[in-house]
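**Student:** I have a structure I would like to understand better, so I am pasting it below and will then ask my questions one at a time.
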Amino acid sequence: MNYIGDVIKYGDNVDTDVIIPARYLNTSDHAELAKHCMEDLDKTFVSRVKKGDIMVGGFNFGCGSSREHAPIAIKASGISCVVAKSFARIFYRNAINIGLPIVECPECVDETNEGDRLEIDLEKGEIINHTSGKKYKTNAFPDFIQEIIRAGGLIQYIRNRK
Amino acid sequence: MGMTMTQKILAKSSGNKYVTPGMLISAKVDMVLGNDITAPVAIKEFEKTGAEKVFDTEKIALVPDHFTPNKDIKSAEQVKLMREFSRKMGIKHFFEIGQMGVEHALLPELGLVTAGDVVIGADSHTCTYGALGAFSTGVGSTDMAAAMVTGEVWLKVPEAIKFNLIGKPGEWVCGKDIILHIIGMIGVDGALYKSMEFTGEGLEFLTMDDRFTIANMAIEAGAKNGIFEVDDETLKYIAEHSSKPYEVFTADSDADYVQEYTIDIGKIKPTVALPHLPENTKPVDELGDIHIDQVVIGSCTNGRIEDMRAAAKILAGRKVHKNVRCIIIPATQNVWKQCLKEGLFDIFIDAGCAVSTPTCGPCLGGHMGILAEGERAVSTTNRNFVGRMGHVKSEVYLASPAVAAASAIAGKIVSPAAIMD
């Protein structure tokens with residue numbers, strides 16, 4: 001499965017409070033959460049994000065709270081994949097568990113600009129920047145995690161096991 | 001090669017003799033936790049699995065503490081969902097308003113978590129229970145749902161960082177100053193994916209409340225968990241609070257650490273984290289004049305009885321500055337009752353503070369003390385991200401209860417010594 005889209009780029013330590021502020025956590029409705037995604041960091045995000053766009057971030061992306069509402073809001077906003085230099089660990093788990101593809105690649109992040117067109121091949125562990133023409137290798141997920149992703153998330157994985 | 005405390009607990013709970021960092025394991029859990037923000041999502045995911053019952057009705061704790069007492073209709077609906085699920089499944093540890101407290105203060109107090117346990121919670125500050133010598137980590141709602149079905153969680157065995165604490169803390173220095181100092185030193189991703197293992201002769205000067213505060217903020221350094229070596233202080237706490245069986249795991253002398261720090265806690269000064277990251281730390285004496293609008297004393301980080309006593313010691317016979325609102329939130333009903341018994345509420349109210357029923361409330365900008373544009377707070381909570389406590393242009397300075405109380409009196413951020421000497 002390949003993900004192709006235009007880049008929306010942010011810096012280091014994008015925290016879960018700016019991804020989805022707690023004042024909106026009295027619901028878990030996906031569309032409602034998507035309406036407020038990134039609001040406290042970038043008021044223009046919701047109006048400019050297109051289906052399939054790729055979010056790029058720096059170190060420690062998704063730090064802070066365990067709220068699964070953060071990856072849900074990003075996914076529901078139309079983002080197809082997140083590429084960052086590193087992810088905070090709970091966000092990393094949550095993204096895998098709900099089926100939001102995420103990839104760590106510091107070099108790619110450094111050389112990618114807002115608006116670039118990226119293509120991500122999770123199985124091959126490859127990223128192509130179609131704007132610059134550069135290619136990057138990423139670490140493939142361990143088999144166990146690939147199984148969860150193939151199942152479409154942790155819940156389906158558990159159903160399959162039963 | 002030997003194993004760390006964390007590795008030993010994970011080996012036992014996954015049925016392995018030996019685990020190494022990077023290994024993916026499935027561990028049996030002793031407690032699964034959720035709150036009124038994360039549990040509703042987990043309950044919906046639980047239902048999707050088709051499971052008809054939970055793995056164990058006594059190993060799940062549901063604590064509605066974030067937006068409670070219900071701040072609006074949507075929050076009330078979320079708690080209603082938890083309540084109905086608890087009744088339907090026969091979950092023993094659902095805590096209604098009147099019994100509930102801030103989850104990470106409540107569970108240890110009731111003895112529901114203990115040394116050697118594997119605890120996962122759909123709340124990032126679940127790492128708090130490492131103070132008891134447990135492996136304890138935050139996860140998301142889907143992980144919580146899966147664990148409620150299977151009683152297990154998938155984990156990658158973490159690498160470890162050792163913190164060897166030496167020395168004796170000075171007056172007005174508590175667990176909060178120590179952990180803020182450490183986060184300032186290693187950064188908000190300084191322990192990313194790793195365990196923080198606390199040991200050393202300095203532990204004898206740290207109370208259990210100090211240790212809960214330190215373990216609580218391990219997540220603010222990116223850590224998977226924080227864990228303390230079990231000593232007499234821990235065993236005394238466990239004996240007073242818990243009847244659960246427990247097991248003490250100690251690190252092997254040849255355990256492998258990717259980094260080791262020796263920290264003289266006697267040299268740490270009262271410390272504050274400036275906006276908008278917990279790593280932006282400075283000794284309070286180096287701050288200059290920073291005027292404030294609000295003080296919050298409470299939360300899973302600093303809402304325990306010693307925190308209340310530290311605040312009361314400074315507020316006794318003094319008045320909160322006319323430009324400051326001071327909000328005090330004991331973390332549990334037991335802490336509340338103890339404050340009442342010791343006369344601390346008389347001190348707080350005479351000083352001009354507002355005292356609230358237990359809630360996470362203002363810590364995450366939920367309710368009970370939201371900041372307006374341009375306002376500045378000193379808070380004993382754990383995060384100072386952009387917009388954390390209210391308006392996107394408000395500011396949060398993280399500090400200990402003593403610094404927060406002193407600042408409430410001064411109207412600006414000051415050290416306790418500035419008020420007391």
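Bear in mind that the values in this text are calculations on the coordinates, not laboratory data. Note that the structure is a prediction, hence the values are computed from the model and not measured. Every residue, glycine among them, receives a Cβ derived from its backbone with ideal geometry; neighbour counts consider all protein chains shown.
**Student:** For the stretch B:28-43, indicate whether the set of residues that are among the basic types (Lys, Arg) and outside any strand (DSSP E or B) is non-empty.
**Tutor:** The answer is no; no qualifying residue exists.
Conditions tested, residue by residue: (1) in contact (Cβ under 8 Å) with a residue 40 or more places away in the chain; (2) in contact with an Asp or Glu (Cβ under 7 Å, 6 or more places away or on another chain); (3) within 14 Å of chain A (Cβ to nearest Cβ); (4) surrounded by 24 or more Cβ atoms within 10 Å (Cβ to Cβ).
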{"site": "B:THR332", "(1), (2), (3), (4)": "yes, yes, no, yes"}
{"site": "B:GLY343", "(1), (2), (3), (4)": "no, no, no, no"}
{"site": "B:HIS367", "(1), (2), (3), (4)": "yes, no, yes, no"}
{"site": "B:ALA377", "(1), (2), (3), (4)": "yes, yes, no, yes"}
{"site": "B:THR380", "(1), (2), (3), (4)": "yes, yes, no, yes"}
{"site": "B:TYR397", "(1), (2), (3), (4)": "yes, no, no, yes"}
{"site": "B:ILE409", "(1), (2), (3), (4)": "yes, no, no, no"}
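**Student:** Please count how many residues of the stretch B:226-243 are within 20 Å of the chain's Cα centre (by Cα) and either among the hydroxyl-bearing types (Ser, Thr, Tyr) or assigned to a strand (DSSP E or B) (or both).
**Tutor:** 6
**Student:** Given the structure, is B:VAL79 of a type outside the set (S, T, N, Q), outside any helix (DSSP H, G or I) and within 14 Å of chain A (Cβ to nearest Cβ)?
**Tutor:** No, not satisfied.
**Student:** Same structure, new question: Please give the number of the condition B:GLN294 fails out of (1) within 14 Å of chain A (Cβ to nearest Cβ); (2) polar (S, T, N, Q); (3) more than 22 Å from B:PRO108 (Cα to Cα); (4) surrounded by 24 or more Cβ atoms within 10 Å (Cβ to Cβ).
**Tutor:** Among (1) within 14 Å of chain A (Cβ to nearest Cβ); (2) polar (S, T, N, Q); (3) more than 22 Å from B:PRO108 (Cα to Cα); (4) surrounded by 24 or more Cβ atoms within 10 Å (Cβ to Cβ), B:GLN294 violates only (1).
**Student:** Would you check if B:PHE67 is in a loop (DSSP other than H, G, I, E, B) and either surrounded by fewer than 22 Cβ atoms within 10 Å (Cβ to Cβ) or β-branched (Val, Ile, Thr) (or both)?
**Tutor:** no
**Student:** Shifting gears a bit: State all residues of the stretch A:122-162 that are in a loop (DSSP other than H, G, I, E, B), more than 14 Å from chain B (Cβ to nearest Cβ) and closer than 18 Å to A:SER80 by Cβ; if no residue qualifies, say none.
**Tutor:** A:LEU122, A:GLU123, A:LYS124, A:GLY125, A:HIS130, A:THR131, A:THR138
**Student:** Of the conditions (1) assigned to a helix (DSSP H, G or I); (2) of a type in the set (A, V, I, L, M); (3) surrounded by 21 or more Cβ atoms within 10 Å (Cβ to Cβ), B:ALA11 clears all except one; give me its number.
**Tutor:** It is condition (3) that B:ALA11 fails.
**Student:** Suppose we filter A:GLU107, A:GLU119 for residues that are part of a strand (DSSP E or B) and acidic (Asp, Glu); which single one remains?
**Tutor:** A:GLU119
**Student:** So, one more: Could you list, in sequence order, all residues of the stretch A:36-52 that are under 19 Å from B:VAL392 (Cα atoms) and either among the aromatic types (Phe, Trp, Tyr) or surrounded by 15 or more Cβ atoms within 10 Å (Cβ to Cβ) (or both)?
**Tutor:** If the condition is that a residue be under 19 Å from B:VAL392 (Cα atoms) and either among the aromatic types (Phe, Trp, Tyr) or surrounded by 15 or more Cβ atoms within 10 Å (Cβ to Cβ) (or both), then A:HIS36, A:CYS37, A:MET38, A:GLU39, A:ASP40, A:LEU41, A:ASP42, A:PHE45, A:VAL46 are the ones that fit.
**Student:** Sticking with this structure for a sec: Does the stretch A:51-83 hold any residues that are within 16 Å of A:ILE127 (Cβ to Cβ) and away from every other protein chain (no Cβ under 11 Å), and which are they?
**Tutor:** Selection gives A:GLY52, A:ASP53, A:ILE54, A:MET55, A:VAL56, A:GLY57, A:ILE79, A:SER80, A:CYS81, A:VAL82, A:VAL83.
**Student:** Next up: Just checking, how many residues over the stretch B:151-160 are within 25 Å of B:GLU201 (Cα to Cα) and surrounded by 23 or more Cβ atoms within 10 Å (Cβ to Cβ)?
**Tutor:** Qualifying residue count for the region: 2.
**Student:** Does B:THR142 satisfy the criteria of being assigned to a helix (DSSP H, G or I) and either within 12 Å of chain A (Cβ to nearest Cβ) or within 25 Å of B:LYS236 (Cβ to Cβ) (or both)?
**Tutor:** yes
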